[in-house]
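Engineer: Sharing a structure, written as structure tokens. Questions coming.
The values are calculated or read from the model by the stated rules, or taken from the named source; none is laboratory data. Since we're looking at a predicted model, the values are computed, not measured. Cβ placement follows ideal geometry from the backbone for every residue including glycine, while neighbour counts extend to all protein chains displayed. These accessible areas exclude ligands, DNA and RNA; they are computed on the full protein's heavy atoms, side chains included. Shrake-Rupley method; radii C 1.70, N 1.55, O 1.52, S 1.80 Å.
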Amino acid sequence: MLEQTLSKLKQQFADSILDVNWFRGELSIVINKDKLLDITRFLKEDEELSYKFLSDICGVDHLGRSPRFDVVYNFCSLKNRARIRLKVMVDENEIIPSLTADWKSANWLEREIYDMFGLKFENHPDLRRILLPDSWQGHPLRKDFPLTKEEVIFRHNQNRPPKIVG
Amino acid sequence: MGDKARETMFLNMGPQHPATHGVLKILLELDGETVVKAIPDIGFLHTGIEKTMESKTYSQVIPLTDRMDYVAPLSNNLGFCLAVEKLLEIEAPFKAQYLRVLLTELTRVANHLVFVGTHAHDIGAISMVLYGFREREMLLDLFDFVSGQRMMTSYFRIGGVAKDIPEGFEEKVKNILKVMPKRIRDYENILSKNRIWLNRTVGIGKISAEEAIGYGLSGPILRATGVKWDLRKSVPYSSYDKFDFDIPIGKNGDIYDRYLVRMEEMKQSLKIVKQALEGMPQGDYIAKAPEVVFPPKEEVKGNMENLIFQFKLAVEGFSPPKGEVYQAIESPKGELGYYIVSDGSPKPYRVRVRPPCFLNLSALNKMAEGHMIADVVAIIGSIDIVLGEIDR
């Protein structure tokens, strides 16, 4: 089934497929960001493929690579019991088209990516932080965010350090 | 909705409301007692587990997985171990696979007992919570007996399980198999035809199959809408294809159907446990893969080489090949997936947990819309959330 998906995609969107990767029987396809909506819609609406279940969206930070981030979409076809991964590569300030119009599940998943990686989605109805408080600085799942950094909460005497006598 | 001048009221439910099963806050927009909108606010229990996993070796990640869905720790272990095994291309021996199936199915029963207990308690059947937790204790005793821990078991290891089955295990499981069906029948006698229970659950929190798929719902909630999707059957892992069991499905997708599906699932799980116990293969409990698997403790004490090896494996870990895998299992809550990106170093470059409760909860607004405020409590209970997993 995965081969069939791949050949269909290649037929339809030959220019937008940047890379194809097989590993341990799993298929992941790197696609052009601008064609994301078209390709996902095709996967969903094609009668034969019917990838109707958007199982997961997650980000991966490849610090030092350009473009820096991967956004990984995990689609599942309940009909064919098949699962594929689509990836788009984006840089820090690029805006990714949101899938919320086609999949309700994308809403919270994209919010989590915004929260954890600071990537923005276009046409998202409610792009706020989801797990961290709104006042949080930085995006923890980025590789340059230190693991043990802790903010000083009480700073009332920040400007007046206590005098050490003796 | 006709009268636009009508004012709505906002009400914070939680984060310390007893019916929110942890620390969940819901912002309710109310028109009288009718819910116009229910906006969940999550993250109070966020501990950065995915970030922490990046700083641990693969073996050290296992205890972290326990602490996500703390009602079903063994299922979390299983998902992660299977994902790493896929990455390494090793397979657990049959005995370990059967033992894993047996214990995760008992975990499912334990999870559903907590579900039915707390859910019924929320709605008003207070005695159910006592019954549910009484029987769960029996299962936790077994986990304690096998792994040495009641809840945070960390019993599954990459390549198999941590220890061989202790003596007397069979009798304990047999006892559970003897007691549980009667008890499940008792619960059904209390609830299934109870007038109050029916009034509170039938037709409440409905969601259609198409909407459920759109929201990414999985597990009993999806099956209650009539979709026959269970990863144990659809994409079998860990020898599930060798067991004979049915997937219960519902029809209406309301709270009552979710309850029925879970009750039936418990019976099916016990059926699987029985088969696993009877067909338990002989042999090793952990794979023979010395680069990955810790040597047995007895050999470490008497053999210098093994001692060095144990030390190296504990301190440095092992380096799987570069690549990425996704492994999903059917946890009691739904599709629990692990997406691991390896860069060839002893620590995972990125571990993404696909949390079933997170997506299940995201449909709360859809389910609660137009119902009464008291139904929100029932709906949350029927989703069966664990905030530890949602917030990670």
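Engineer: Given the conditions (1) within 14 Å of chain A (Cβ to nearest Cβ); (2) in contact with a strand residue (DSSP E or B) (Cβ under 8 Å, 6 or more places away or on another chain), report the number of the one that B:P220 does not fulfil.
Structural biologist: Here B:P220 clears every test but (1).
Engineer: Which ones in region B:166-211 are touching a residue at least 60 places away in the same chain (Cβ under 8 Å), within 14 Å of another protein chain (Cβ to nearest Cβ) and part of a helix (DSSP H, G or I)?
Structural biologist: In the first step, residues of region B:166-211 are kept if they are touching a residue at least 60 places away in the same chain (Cβ under 8 Å); the result is B:170, B:173-174, B:176-177, B:180-181, B:184, B:187-188, B:190-192, B:194, B:196-197, B:200-201, B:204-207, B:211.
The next check asks that each one be within 14 Å of another protein chain (Cβ to nearest Cβ); those that pass are B:207, B:211.
Residue satisfying the conditions is B:E211 alone.
Engineer: Let me ask something else. Mind checking which residues of region A:17-33 are of a type in the set (S, T, N, Q) and more than 13 Å from chain B (Cβ to nearest Cβ)?
Structural biologist: From region A:17-33, those of a type in the set (S, T, N, Q) are A:21, A:28, A:32; that's our starting set.
Answer for region A:17-33, where residues must be of a type in the set (S, T, N, Q) and more than 13 Å from chain B (Cβ to nearest Cβ): just A:N32.
Engineer: Could you tell me whether any residue of region B:83-93 is open to solvent by less than 10 Å² (accessible area, probe 1.4 Å), away from every other protein chain (no Cβ under 14 Å) and out of contact with any Ser or Thr (no Cβ under 9 Å at 6 or more places or on another chain)?
Structural biologist: no
Engineer: Of all residues in region A:11-43, which are in contact (Cβ under 8 Å) with a residue 12 or more places away in the chain, open to solvent by 50 Å² or more (accessible area, probe 1.4 Å) and basic (K, R)?
Structural biologist: A:K35, A:R41
Engineer: Would you check if B:G370 is among the small types (G, A, S) and either surrounded by fewer than 24 Cβ atoms within 10 Å (Cβ to Cβ) or within 12 Å of chain A (Cβ to nearest Cβ) (or both)? Before the answer, list the steps.
Structural biologist: Numbers: among the small types (G, A, S): yes; either surrounded by fewer than 24 Cβ atoms within 10 Å (Cβ to Cβ) or within 12 Å of chain A (Cβ to nearest Cβ) (or both): yes.
Judged against the criteria, B:G370 is a match.
Engineer: Please specify each residue of region B:344-360 satisfying the condition of being assigned to a loop (DSSP other than H, G, I, E, B), out of contact with any Asp or Glu (no Cβ under 7 Å at 6 or more places or on another chain) and at the interface with another protein chain (Cβ under 9 Å from one of its Cβ atoms).
Structural biologist: Quick first cut of region B:344-360, residues assigned to a loop (DSSP other than H, G, I, E, B) only: B:344-349, B:355.
Okay, now just the ones that are also out of contact with any Asp or Glu (no Cβ under 7 Å at 6 or more places or on another chain), so B:344-345.
Listed by number, the list is empty, since nothing qualifies.
Engineer: With the condition being under 30 Å from B:R136 (Cβ atoms), I'd like the helices (runs of 4 or more DSSP H) fully within region B:243-323 carrying at least 3 qualifying residues. Reasoning before the result, please.
Structural biologist: Working: elements: B:255-278, B:297-302, B:304-315.
Helices (runs of 4 or more DSSP H) meeting the threshold: B:255-278.
Engineer: Filter region B:206-236 down to the residues that are hydroxyl-bearing (S, T, Y) and modelled with pLDDT of 90 or more, then identify the one that is surrounded by the most Cβ atoms within 10 Å (Cβ to Cβ).
Structural biologist: At the first step, the residues of region B:206-236 found to be hydroxyl-bearing (S, T, Y) are B:208, B:215, B:218, B:225, B:234.
Applying the additional criterion that residues be modelled with pLDDT of 90 or more yields B:208, B:215, B:218, B:225.
Numbers: B:S208: 13, B:Y215: 27, B:S218: 30, B:T225: 24.
If we take residues in region B:206-236 being hydroxyl-bearing (S, T, Y) and modelled with pLDDT of 90 or more, then B:S218 is surrounded by the most Cβ atoms within 10 Å (Cβ to Cβ).
Okay, residues lined up against (1) open to solvent by 90 Å² or more (accessible area, probe 1.4 Å); (2) assigned to a loop (DSSP other than H, G, I, E, B); (3) modelled with pLDDT under 80:
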residue	(1), (2), (3)
A:H124	no, yes, no
A:I130	no, yes, no
A:S135	yes, yes, no
A:F145	no, yes, no
A:R155	yes, yes, yes
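Engineer: Give B:A363, B:A289 a once-over and let me know the one that is in contact with a helix residue (DSSP H, G or I) (Cβ under 8 Å, 6 or more places away or on another chain) and within 24 Å of A:R111 (Cα to Cα). If you could, list the steps in order and put the result at the bottom.
Structural biologist: Details: B:A289 fails: within 24 Å of A:R111 (Cα to Cα).
Going through B:A363, B:A289 in turn, just one is in contact with a helix residue (DSSP H, G or I) (Cβ under 8 Å, 6 or more places away or on another chain) and within 24 Å of A:R111 (Cα to Cα): B:A363.
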